[in-house]
Structure formats: structure tokens, C-alpha cells
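One structure is given below, encoded as C-alpha cells.
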Amino acid sequence: MTEVKQERIDVARIRAHSEEMDRTRAVPQNLLDYLIEEKLFKLFVPEQLGGRMLGLPEALSVFRHVSHSDGNAGWLTTIGSGGGMFVPNMTEDTAHELFSPASAVIAGSGFPAGTAVPAEGGYRVSGEWKYCSGAPYASMFTANCTIEGTDTIRSMTLMPDQVEVLGDWNAFGLRATGSHSIRVTDAFVPENRTFSIFEPQNTLAGPVHSFPFVPFSVASFTSVCLGIADHFYEEARSLGEKKWPGADRQAFVLGELEQHEREHGKQAGSFETAVRNAWTRHLAGEEMTAEEEQHLIRTAKTAAGTARSGVQSAIRHFGMDAVMEQSPLNRIWRDLSTAAQHTFLLPEPAGS
């Protein structure tokens, strides 16, 4: 498996677009070109299809590092790469056709919000799906549908000209992720572009493709939150060192930041250890027990929750510097607050 080293991620190049992305709610083409050149949407795509096929710990490190550069870029890298998890579920010919192009990237939804009516050679699909990150530039869309007259759910692969992007992503953070709703009206999808997420149809899988889905997803979104929090503490320390020079308040604020960042590092370290341990057992062919899954999920959610709560507390020390939308500190805080709202990161009921 090929590793992506952190130093390959051009932090300055990505971050140079942060203000523009937040203001325009779009990813500029030259940054999108960079993400494609670095194959950051293909971390779980096999090398024979032009991907990198990373292991889970290596990919999570990339998610965190790109998110440290910019939350929008990190989120889109994570979502885009996640689409590569469907490669083994498609027929081999379809996987080659759809994933071999350099710019191949999926947007879509796992919620079965559509209906598929059987037709000769495939299905006629209609429905509307929310939160399809990367919709403005996706080369394909996947959407789960219920087969009419049955309880069967099947995934449909749609082309951009079959999809209406509704442009309704108006969140206060991660503004440039293009996480819009999509609408499909009576579109024909041939049988060979449909699949079940539970049934492999080729031998293109790597070890990551058989890792349990929920821990994989929770770990992926946790890594985004950790990277954005890393950026926040970096920016906050820089600002704190410039404000209140020589005053007691400066020492107080920097001390508070150090305390929050220390706890952030502690929980992030526990999370990374849990991932490494789970991955080592996975490579050894050991099936993850329900208890082990829950441990990894709890450890991840604790790290993501600590990232969010620490930043929420720390930003209070910066007064009006933190409330203006054009402030980097404000933007980073909004991105983290938005990322941490994902369903996979919501707090669990006590005792669960």
C-alpha cells in the first residue's frame, strides 16, 4: 500500500484559498485541481484504477492534516475518499469505467430517500437526497433507493446530467463543501450501475474495505475535527502572542490555550492508539467484537467532543476578534462546529 506523507500536503497552497472559499461558498478550480493531482479523493481506490489504497491509520492522518490546512478541504477529502469504499461493490468493468479518470469523485447519500422502479435493463429512479458534499464537481452520484413494491434497498450510480443540484447548503460553517440536496426525476440507471453495499462484485478490495463501516465513518469524521482544532490552536496562539503584550491577560490566555490544547492532544492520542490497535487486529484477520467497536467509537467521539468543547471555551477569551466572519479564528470555529454536528459524532445516551 502506498503512503501519503504529510509533507506532500501543501498547507500554504490550500490555506491561501480559505477566505475565498468561506466568502464564495465554492472551491476554486485551481485548488480542486490540486486535490485531484494529489489523488486526495482516491485514498481508498486501488492503484490499478489510479488510486493510492491507503490503510486506515494513514488515511486518517491525511484527513487530519488536510483539515488542519482548511476545514472545507479536509471535509471534501474525507467525503471524496469515502466514495472509494464502493469500488469492490461495483462490477469490475463499472469500477474501471467510473473510477479510472483522474477527476473521479463521488457525491451522494446513504439515506434511502428514493424509489427505483424496475425497467428493462435497469431501473427508473426518482427521489431527493440531502447533504451531498462535493455535488458541484462530482463525476458521479450514488443514492440509495427502495425498489418499488419491495423492502429491498439498492444503491444507484447516477451521472451529473441526470441530477439536479438544488444549491441549498446554507450552513454557517464548511460553507464551500457544496453539501447540497440533489433531486432525480425518472432517470434510467442500467443494472450494471447499481450495487449492494453488502455484496462485493470484484477482487479490487484492500484491507480497509472490510473494516467495520460505523467505526470507519466515526474515525474519519473525528479526524476532520482534530485537524480543524489543530488549526484553531495554532491560530489562537499566534493571535494571543500579539495581543496584550507584557500584560497579565496575555499570560492568562496563553495558559488557558495550553491547557485546552494539552487535553486535545491527550484525547487525540488515545484515539490514534485505539485506531492503530484495531487496524493491527484487522490486518491479522481478527474480527472486531461489538465491545471493541464500541470502544473505538467512544474513544473517537470523546476526542471529537473534546476538540469542539475546548475550542468553544478557548474562543471566549478573544472577544470581538472572534465574532467577525472574516476573522480566521471565527471561520475555523464555525467549520469545527459544523463538522462536529455530523450524525456519526453526536453524543451517545448515558449508559449506551
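Along each of its three principal axes, how wide is the spread of alpha-carbon positions in region 117-174, in whole angstrom units, largest first?
42, 23, 14
Where both residues lie in the chain, what percent of DSSP beta bridges are antiparallel, nearest 5?
Taking every DSSP beta bridge within the chain, about 75 percent pair in antiparallel fashion.
Return the carbon/sulfur percentage of the accessible area of region 268-352, one whole number, probe 1.4 Å, all protein chains in place.
Looking at region 268-352 in its full context, I get 54 percent from C and S.
At 1.4 Å probe radius, can you tell me the per residue accessible area of the chain in Å²?
45 Å²
Report, please, the projected area of region 150-222 averaged over directions, based on the convex hull of its C-alpha atoms, in nm².
Averaged projected hull area, Cα only: 7.7 nm².
Mind checking which aspartates and glutamates have their Cα closer than 16 Å to the Cα of Lys42? Skip sequence neighbours fewer than 8 apart in that chain.
Cα-Cα hits under 16 Å: Glu3, Asp33, Glu58, Glu97.
Which aspartates and glutamates have a Cα lying under 16 Å from the Cα of Lys266, excluding residues fewer than 8 positions away in the same chain?
Within the straight-line cut-off, Lys266 pairs with Asp230, Glu256, Glu258.
Write down the percent of antiparallel bridges among all DSSP beta bridges whose residues are both part of region 100-166, to the nearest 5.
Bridges in region 100-166 that DSSP calls antiparallel: roughly 65 percent.
How large are Rg and Dmax for region 275-352 when only the alpha carbon atoms are used, in Å?
Radius of gyration, then largest Cα-Cα span, for region 275-352: 17.0, 53 Å.
Taking percent of Cα pairs over 27 Å apart straight from the coordinates, which label in (i) 44; (ii) 48; (iii) 51 is the correct one?
Comparing each candidate, only (ii) matches the computed number.
Sort 292-300, 329-337, 239-247 for me by packing, meaning the mean count of neighbouring Cβ atoms within 10 Å per residue, highest on top.
329-337, 292-300, 239-247
So how do 76-88, 219-231, 120-132, 277-289 stack up, highest first, on mean other-Cβ count within 10 Å?
Descending mean neighbour count gives 219-231, 76-88, 120-132, 277-289.
The values are calculated or read from the model by the stated rules, or taken from the named source; none is laboratory data. The model shown is predicted, which means the values in this text are computed figures rather than measured ones. Positions of Cβ are generated from backbone atoms using ideal geometry, with glycine treated the same way; all protein chains shown enter the neighbour counts. Please note that ligands, DNA and RNA were not included when accessible areas were found on the heavy atoms of the full protein model with its side chains. Shrake-Rupley method; radii C 1.70, N 1.55, O 1.52, S 1.80 Å.
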